[in-house]
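Presented below is the structure to which this report refers.
The values are calculated or read from the model by the stated rules, or taken from the named source; none is laboratory data. Keep in mind that this is a model prediction, so the values were computed, not measured. Here the Cβ positions follow ideal geometry from the backbone for every residue, glycine too, while neighbour counts run over all protein chains shown. Accessible surface is based on the protein model in full, side chains and every heavy atom, while ligands, DNA and RNA are left aside. Shrake-Rupley method; radii C 1.70, N 1.55, O 1.52, S 1.80 Å.
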Amino acid sequence: MTTYLIRRFFQSIVTLFIVSIATFGMMHLMPNGVVRGMLGQRATPQTIAELTHRLGLDQPLYVQYWRWLDRLVVHFDLGTSYQKSQTVNALLKEDMGQSMYIVGLALFFTIVISVPVGVLQATRRNSVTDYTITTFSFIGYAIPVFFLGVVLRDLFQVQFHLIPIAKQIDSFHAAFSQPDQMILPVATLVISGVAGYSRYMRSSMLDEITQDYVRTAIAKGATKRRVLYRHVLRNAMIPMITLVGLSLPTLVGGALLVEQIFNIQGIGVLTINAALSSDFVIVLGTTMLTAIVTILGSLVADISYAALDPRVRLT
Amino acid sequence: MDEIVVESPGQGDNIPPTEQMLGLEPTESARSMFRRGLEVFLENRLAVVAFGVLVFYVLMCFFGPLLYHGNTSHVQMDEITLPPGPSHPLGTDQNGVDELGKLMKAGQISLEIGIASGVLASVIGMLYGAIAGYVGGWVDSIMMRTIDALLSIPLIFALIYLASTLGRTKTVFIMVIALTSWFSLTRLTRGDTLTIKVRDYVAACRMMGGRSPRIIFRHILPNTIGTTIVNTSLSIANSVFALSVLSYIGLGLQAPNDDWGGMFANGSSYLDQNYWWMIYPPGVSIVLIIISCNFIGDALRDAFETRLQKR
């Protein structure tokens, strides 16, 4: 286990390193560089030269990269917004709570719903139920999140007034104290999540059902129920952990759109507004942050997988 | 003289030609991989319908404007937000612009960028995967770990950053979407390449002095083309989706050059006024294109992957 942990941890470091190079590269794609962005349209050549020097942007690239990495790793400093004159860290701190709340709820309900759905499909394979759910999950999988969100908003808030339209949710407290406002955003993410997860759960169950230990358990005289829920289900759920790790980027991306649709001031809306006002440091900061969260998420997923399935550690 | 020796009288007529004896020639009527694939594809009704939908949209968007002349260019204050009716089959928007005409024009942009970047992504993914798989060793490790790392950056964030910094033109969108969506094909092509490069014909080619580029382009890539074509169809769906996401959040092409995502975003800002004709036509178009491309991709996979075929 220790060897596996060390190797997997090292892998994450390498991944982070590559992501940091990619992000640093993206930073230098900014039109006319960071300086022009900070000074805006009024910049004169002199002020540009002065600020370039002050920020160390006239240094060789590897020196700049090293400094940037040092700030990022040691101080977790993602830079300062040009326009809001606030650090990106402070902005993230304001908006992270509600985003993580939505992602967390969505992930929880996605798993809670898709496991039984997948089991139902696997146990009634090729039945009408199976085909119906498959059709729905295919459609759910193909419908873009933003379309689904708008349709749900239209149905529940505009046509039938089942859920009141509230003012913008701009803090974790606002999100937490208004559960009715969380229903639609979370439901949007859950519907598109369940579509993919339940397919995976179904095939994972079917893989396990054909294993030798199932035949043994049946031969021992265990009831069908016992075999299914004590033996098969437990093992079939293990691969789901990997799926959670893999689907994090999609989920975080979906949350960005959901925030935009349902008027929630989270990391997604922060990013969108920053991009619209050319405040690239913020966009880069949120990109880096979500990438780090994703890498950590998949690290945790892989470690729990190894803890639950001894075979993984040996390979 | 040789012919006489081969067809010596003692061998009789009922001896099959050597090629057939060795099983080199098909016993039934000869069918190319393409023909057989087409048959499998046509058996899948859903895929045929999906293909029909795609053809319908292409015809509607690119040839529709030749037949249907809706006002798509100027503001008409006396015709704003009209519901669908005889003069405007899909109603008008907040500027009095005809929605059907706009749907066609926006569709051109969605389809052009979607197809262009889908194809470009496939080319990049195919080449990258083939090179990584063919070269192997540490080069392969580095190339594939880079993919793993890039995959952990949430796609939408990368798209937003790239689109907003590089400027919002058609070319930039094609490049940016392609550059962020070639990873999955790369993995598949690399896998195929690993099995192809150890085949005898590759060894034979190398022995005859064939250099690596020749082996990759003439022997490996043609053999991975099935995977690539399947993936291109899925990739087009993803590109249409990616573009519509960018437009939806306001980072797409600027009006009046907006795509379906932009139309949808514009319409959904009038959600509370219940102008459904401004929301659902572009929204449903996006969904239909994505679903169709997915169905077609699935059917193509059945058609190309001979292992999955019943015959």
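At-a-glance table
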{"item": "Whichever residue in the stretch A:278-288 is within 7 Å of another protein chain (Cβ to nearest Cβ) and touching a residue at least 60 places away in the same chain (Cβ under 8 Å) and, among such residues, is most open to solvent (accessible area, probe 1.4 Å)", "result": "A:Ser278"}
{"item": "For A:Ala175: the one exception among (1) under 28 Å from A:Thr134 (Cβ atoms); (2) crowded, with 18+ Cβ neighbours inside 10 Å; (3) touching a Phe, Trp or Tyr at 6+ places or on another chain (Cβ under 8 Å)", "result": "(1)"}
{"item": "Residue in the stretch B:148-158 that is within 14 Å of another protein chain (Cβ to nearest Cβ), crowded, with 19+ Cβ neighbours inside 10 Å and among the β-branched types (Val, Ile, Thr) present", "result": "yes"}
{"item": "Which listed residue, of A:Ala275, A:Ala291, is without any contact (Cβ under 8 Å) to a residue 24 or more places away in the chain, surrounded by 24 or more Cβ atoms within 10 Å (Cβ to Cβ) and closer than 28 Å to B:Ile160 by Cβ", "result": "A:Ala275"}
{"item": "Leading residue by the ranking (farthest from the chain's Cα centre (by Cα)) among those in the stretch B:254-286 that are more than 21 Å from B:Ile113 (Cα to Cα) and assigned to a loop (DSSP other than H, G, I, E, B)", "result": "B:Asn274"}
{"item": "Test: residue in the stretch A:203-225 that is touching a Pro at 6+ places or on another chain (Cβ under 6 Å), more than 13 Å from chain B (Cβ to nearest Cβ) and either open to solvent by less than 30 Å² (accessible area, probe 1.4 Å) or over 22 Å from A:Ile183 (Cβ atoms) (or both)", "result": "yes"}
{"item": "Flag for B:Gly114 being farther than 17 Å from B:Val176 by Cβ and not charged (D, E, K, R)", "result": "no"}
{"item": "Residue selected from the stretch A:154-172 under the condition open to solvent by 30 Å² or more (accessible area, probe 1.4 Å) and charged (D, E, K, R), by the criterion farthest from the other protein chains (Cβ to nearest Cβ)", "result": "A:Asp170"}
{"item": "Tally, over the stretch A:58-82, of residues that are in a loop (DSSP other than H, G, I, E, B) and surrounded by fewer than 15 Cβ atoms within 10 Å (Cβ to Cβ)", "result": "4"}
{"item": "Filter result (more than 22 Å from B:Ile289 (Cα to Cα), out of contact with any Pro (no Cβ under 8 Å at 6 or more places or on another chain) and among the hydroxyl-bearing types (Ser, Thr, Tyr)) within the stretch B:59-105", "result": "B:Thr81, B:Ser87, B:Thr92"}
{"item": "Residue selected from the stretch A:226-272 under the condition surrounded by fewer than 17 Cβ atoms within 10 Å (Cβ to Cβ) and over 30 Å from B:Pro154 (Cβ atoms), by the criterion farthest from the chain's Cα centre (by Cα)", "result": "A:Arg226"}
{"item": "The stretch A:125-143, residues that are within 14 Å of chain B (Cβ to nearest Cβ) and touching a residue at least 60 places away in the same chain (Cβ under 8 Å)", "result": "A:Thr134, A:Ser137"}
{"item": "Which listed residue is among the small types (Gly, Ala, Ser), surrounded by fewer than 14 Cβ atoms within 10 Å (Cβ to Cβ) and within 13 Å of chain A (Cβ to nearest Cβ), from B:Gly167, B:Gly137, B:Gly209", "result": "B:Gly167"}
{"item": "Where A:Val88 falls short, out of the listed (1) touching a residue at least 60 places away in the same chain (Cβ under 8 Å); (2) under 15 Å from A:Ile191 (Cβ atoms)", "result": "(2)"}
{"item": "Residue in the stretch B:105-117 that is among the polar types (S, T, N, Q) and open to solvent by less than 30 Å² (accessible area, probe 1.4 Å) present", "result": "yes"}
{"item": "Matching residues in the stretch B:235-284 - criterion: being among the hydrophobic types (A, V, I, L, M, F, W, C), under 19 Å from B:Lys105 (Cβ atoms) and open to solvent by less than 10 Å² (accessible area, probe 1.4 Å)", "result": "B:Val240, B:Leu243, B:Leu246, B:Trp260, B:Met263, B:Phe264, B:Met278, B:Ile279"}
{"item": "Residue match in the stretch B:294-310 (condition: within 9 Å of another protein chain (Cβ to nearest Cβ) and under 23 Å from B:Gly114 (Cα atoms))", "result": "yes"}
{"item": "Neighbours by Cβ (under 8 Å, 6+ apart or cross-chain): first from the stretch A:108-119, touching a residue at least 24 places away in the same chain (Cβ under 8 Å); second among the basic types (Lys, Arg) and open to solvent by 60 Å² or more (accessible area, probe 1.4 Å)", "result": "A:Gly118/A:Arg199"}
{"item": "Exclusive hit being open to solvent by less than 40 Å² (accessible area, probe 1.4 Å), out of contact with any strand residue (DSSP E or B) (no Cβ under 9 Å at 6 or more places or on another chain) and under 30 Å from A:Gly79 (Cα atoms), set A:Val119, A:Val103, A:Val151", "result": "A:Val103"}
{"item": "Only listed residue being hydroxyl-bearing (Ser, Thr, Tyr), open to solvent by less than 50 Å² (accessible area, probe 1.4 Å) and away from chain A (no Cβ under 14 Å), chosen from B:Thr195, B:Thr228", "result": "B:Thr228"}
{"item": "The listed residue being within 14 Å of chain A (Cβ to nearest Cβ), modelled with pLDDT of 85 or more and either in a loop (DSSP other than H, G, I, E, B) or in contact with a strand residue (DSSP E or B) (Cβ under 7 Å, 6 or more places away or on another chain) (or both), out of B:Leu251, B:Leu246", "result": "B:Leu251"}
